[in-house]
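Down below is the structure, laid out as structure tokens.
The values are calculated or read from the model by the stated rules, or taken from the named source; none is laboratory data. Computed from a predicted structure; not experimentally measured. Neighbour counts are summed over all protein chains in view; Cβ atoms, including those assigned to glycine, are modelled from backbone coordinates with ideal geometry.
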Amino acid sequence: MGLKKYGRGDWRIISRNFMTSRTPTQVASHAQKYLTDDKGSDEVVFKAMGRTINKTFMVVELIKRRIVGLHQNTTTGSTGITDMWEPLEEGLLP
């Protein structure tokens with residue numbers, strides 16, 4: 001996603017805007033630092049699919065408790081995913 005938005009050369013921008021962490025607490029901590037930093041943005045966008053949706057909501061709730069006056073906009077949508085495969089044996093349809 002970062003490469004699509006910023007291109008291949010802007011690694012610093014990508015690393016600043018697209019964070020990867022393991023736990024909801026780590027993600028909330030990164031987002032809180034990002035929002036309270038003088039150079040930071042005034043918005044953070046969280047996107048999730050499948051089983052990570054619950055964790056994403058948990059992160060947002062953690063951040064809302066930590067930062068006073070934070071406003072939340074929630075939107076939902078759907079994404080179609082099509083699996084493409086090639087058969088390993090002859091005679092099977094792709």
Exercise for review: Return only the number of the condition from (1) aliphatic (A, V, I, L, M); (2) exposed (fewer than 14 other Cβ atoms within 10 Å of the Cβ); (3) modelled with pLDDT of 80 or more that Leu62 does not satisfy.
Suggested key: (2)
Review point. Could we say that Ser78 is modelled with pLDDT under 80 and either in contact with a strand residue (DSSP E or B) (Cβ under 8 Å, 6 or more places away or on another chain) or among the hydroxyl-bearing types (Ser, Thr, Tyr) (or both) here?
Key: no
